[in-house]
Amino acid sequence: MADAAATAGAGSSGTRSGSKQSTNPADNYHLARRRTLQVVVSSLLTEAGFESAEKASVETLTEMLQSYISEIGRSAKSYCEHTARTQPTLSDIVVTLVEMGFNVDTLPAYAKRSQRMVITAPPVTNQPVTPKALTAGQNRPHPPHIPSHFPEFPDPHTYIKTPVSDKAPWGLLTQ
């Protein structure tokens, strides 16, 4: 099992922020993702037979794993966009792994290994509610002929004609 330094490293942000907790949701997301990668690295080290690991080693391996995953995502995205799609498919990822020198034939056996450790998902935190802009009127639902994945109609005051009085107070509309 990884020693206290490696396990404690999973709880730190990886940056030099000290004991301050970030209140920015994006920063909290990145810190949680980083902590999860550190737990993954620690469990892989444990599976490989290491009883302890220095914090700097775990941090370096975490950085390497993060870079590797980012490169897979970037390359799969470029293959996806090359074929005029917006969502990468499994074949994009397979081609990416092959291009990076990974033997994809060994992946099923690795996934079925007996000594693997299962890592539970981190708890989901509720995103802070962003206050909605001031609305005027009631938004209309989509008519049946408009697909539901289209965006909602804007506030009615932006497209419904409002009659102007003949007696405008500023006198510009009189003839």
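The values are calculated or read from the model by the stated rules, or taken from the named source; none is laboratory data. This structure is a prediction, so every number in the text was calculated from the model and none was measured. Using ideal geometry, Cβ is built from the backbone for each residue, glycine included, and neighbour counts are taken over all protein chains shown. Surface areas here come from the heavy atoms of the whole protein model, side chains and all, with no ligands, DNA or RNA. Shrake-Rupley method; radii C 1.70, N 1.55, O 1.52, S 1.80 Å.
The table below lists the values:
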read-out: Single unsatisfied condition, ALA84 versus (1) under 30 Å from ASN24 (Cα atoms); (2) without any contact (Cβ under 8 Å) to a residue 24 or more places away in the chain; value: (1)
read-out: Single match in THR120, THR174 (criterion: at pLDDT below 85, of a type in the set (S, T, N, Q), open to solvent by 100 Å² or more (accessible area, probe 1.4 Å) and assigned to a loop (DSSP other than H, G, I, E, B)); value: THR120
read-out: Hits in region 100-117 (condition: open to solvent by 70 Å² or more (accessible area, probe 1.4 Å) and touching a helix residue (DSSP H, G or I) at 6+ places or on another chain (Cβ under 6 Å)); value: GLN115, MET117
read-out: Entirely in region 1-90, the helices (runs of 4 or more DSSP H) that have 1 or more residues that are modelled with pLDDT of 95 or more, basic (Lys, Arg) and surrounded by fewer than 18 Cβ atoms within 10 Å (Cβ to Cβ); value: 55-82
read-out: Pairs where the first residue, in region 147-175, is among the polar types (S, T, N, Q) and the second is open to solvent by less than 100 Å² (accessible area, probe 1.4 Å) and modelled with pLDDT of 75 or more, C-beta under 7 Å, 6+ apart; value: SER148/HIS142
